[in-house]
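The values are calculated or read from the model by the stated rules, or taken from the named source; none is laboratory data. Predicted model only: the values in this text are computed from it and were never measured. Cβ: placed from backbone, ideal geometry, glycine included. Neighbour counts: every protein chain shown. Just so you know, the surface numbers come from the protein's heavy atoms only, side chains and all, with ligands and any DNA or RNA stripped out. Shrake-Rupley method; radii C 1.70, N 1.55, O 1.52, S 1.80 Å.
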Amino acid sequence: MPATDGAITGLAEELIGEHRTQTQDRSRGAGKVARYLRGDHDLPYMPKGAKAEYKSLAQKSITNWLPLISETYVKGLFVDGYRATRATENAAPWSYWQANRLDARQTIPHRGALEFGASYVVVLPGDKAPMIRPLTPLKTIAMYEDDDDDWPIHGLRVKGRSADGARLYELFDSEAVHLLARPKDSGKLTVVRSDTHGLGVTPLSRFRDRLDGQNVGVIAPLLVLQDRISEAVFSLLAALQFASFRQRWATGLAIPTIDDPASPLYGQPIEPFEAAVDRLWVSDSPDAKFGSFDQTDVTGHLETYGSGVRTLAAIAQLSPHVLLGDLVNLSADALAAAEAATQRKIGEYETIFGESWEQTLRLAALAAGDKTSAGDISCQVRWRDTEARSLAAAVDALGKMVTMLAVPAEAAWERIPGVTDTDIQRWRGMATSSDGLAALADALTRQSTPALPTAAVPTAALAAAA
């Protein structure tokens, strides 16, 4: 039974309030994570009534490491195909992926799930192909009866504003998509239209960074470490500002005083010298003695800063050189060993996100009327190999696998580092053509053999070639 407009607006108001609580509270949850990712951090502690100079140093002490954490993982997560277990070609729903330009847009749910714990992709019927749109988690909320359910009961998306300034929302349920608007000059929410989708489920596919209900993202546990690093940098800047310049002392001097009786400072001593890096202290008194105190050693501050960054990398399961950049002239094998923990974590995310993408593509097949593909649970997404490995070593190992273990050569193609599904399809087309192997060999020969200058080619050879 279709819901009434009153029930729809009431449910939407409830979801809008919950979404506002989760995303607009700057002190906790997604609101605080979003604020830190933008670089709007809590300033290091300063005494009450601190001078503007201290506040300026506190603002300069912020180094925003957090976006680099999620970006490192996102760069290693790229879906490159969708096929059945024993198939050599992509399944039919892969065409929907290409039609929706998800090669680029796939980073939206990956980044959203890693930064905020959950993100969503909406699937709806379309004219030529189903519409698959990743949604940013800061504008989407979904409610589940059980946290382990595949589909939510309902969901809401903050769509934007209309031409007349009205705030627009989309409410999703198992029957329809309801467009709602809140006029600019009125607080009342109204239903603009309701479009039936006929999918039988609320068409939101969820991406989570972990499946045990503790999906808060990779950023929230690192906020304390980020503040610790900022405190270390603030202490370092304060030491450089106020204690790195060697303080001087002088004894045996006659200190002048203010001798104007009309001055409120009458009788107060006058500082005989103005301390500065480019100034000398000179006195004509034979009893004057000068000296200086030792400057502050900032080595401890630097070690504290480096220790904080390394701890941040360890908790985030990243190689420290990603943040510190202190590894140079490494071989491919050494670099792969340094990134082993990161690659294992990326492998875990590929498994979790892969299930979400398969669920999304099966729903897209259902939206397109392809019930066979919608019920095919044997298809799996293929992930691009982004691990840092030596190309020569990888090709050598794959060649031995083909020759010594009798593994089909085509099966080894997809394991070559940096090779995409498009490359494999082109190679397969060359190999299956009538003269494909000859063309492939000829292409390799042309690439490996330098061309002779025209003057060096004998005339008889040119005539024979003609």
Identify the single condition in (1) of a type in the set (A, V, I, L, M, F, W, C); (2) open to solvent by 90 Å² or more (accessible area, probe 1.4 Å); (3) modelled with pLDDT of 75 or more; (4) in a helix (DSSP H, G or I) that residue 394 does not satisfy, given that it satisfies every other one.
(2)
Among all residue pairs at least 6 apart or on different chains, which show Cβ distances below 9 Å where the first residue, located in the stretch 143-165, is small (Gly, Ala, Ser) and the second is part of a loop (DSSP other than H, G, I, E, B) and open to solvent by less than 60 Å² (accessible area, probe 1.4 Å)?
155/173; 155/202; 155/203; 165/183
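Of the residues 228, 248, only one is among the charged types (D, E, K, R) and within 30 Å of residue 37 (Cα to Cα); which?
Every option except 228 fails the conditions.
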Name the residues in the stretch 123-134 that are under 18 Å from residue 355 (Cα atoms), without any contact (Cβ under 8 Å) to a residue 40 or more places away in the chain and either assigned to a loop (DSSP other than H, G, I, E, B) or open to solvent by less than 70 Å² (accessible area, probe 1.4 Å) (or both), would you?
134
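Return yes when residue 96 is open to solvent by 10 Å² or more (accessible area, probe 1.4 Å) and in contact with a Leu (Cβ under 8 Å, 6 or more places away or on another chain) and no when it is not.
Considered against the rule, which asks whether it is open to solvent by 10 Å² or more (accessible area, probe 1.4 Å) and in contact with a Leu (Cβ under 8 Å, 6 or more places away or on another chain), residue 96 comes out as yes.
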Residue 27, sole failed condition from (1) open to solvent by 40 Å² or more (accessible area, probe 1.4 Å); (2) under 22 Å from residue 383 (Cβ atoms); (3) within 26 Å of the chain's Cα centre (by Cα):
(2)
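Please count how many residues of the stretch 262-310 are over 25 Å from residue 247 (Cβ atoms) and either open to solvent by 50 Å² or more (accessible area, probe 1.4 Å) or of a type in the set (Lys, Arg) (or both). Lay out the reasoning, then the answer.
Within the stretch 262-310, the subset over 25 Å from residue 247 (Cβ atoms) is 262-264, 266-267, 306-310.
Restricting the remaining residues to those that are either open to solvent by 50 Å² or more (accessible area, probe 1.4 Å) or of a type in the set (Lys, Arg) (or both) gives 262, 264, 266, 307, 310.
Final tally of qualifying residues: 5.
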Taking the stretch 149-165 and keeping residues part of a loop (DSSP other than H, G, I, E, B) and touching a Lys or Arg at 6+ places or on another chain (Cβ under 6 Å) leaves 165
Failed criterion for residue 285 (all others in (1) out of contact with any Leu (no Cβ under 9 Å at 6 or more places or on another chain); (2) of a type outside the set (A, V, I, L, M, F, W, C); (3) without any contact (Cβ under 8 Å) to a residue 40 or more places away in the chain hold):
(1)
So, in the stretch 361-384, how many residues would count as being surrounded by 18 or more Cβ atoms within 10 Å (Cβ to Cβ) and touching a Pro at 6+ places or on another chain (Cβ under 9 Å)?
12
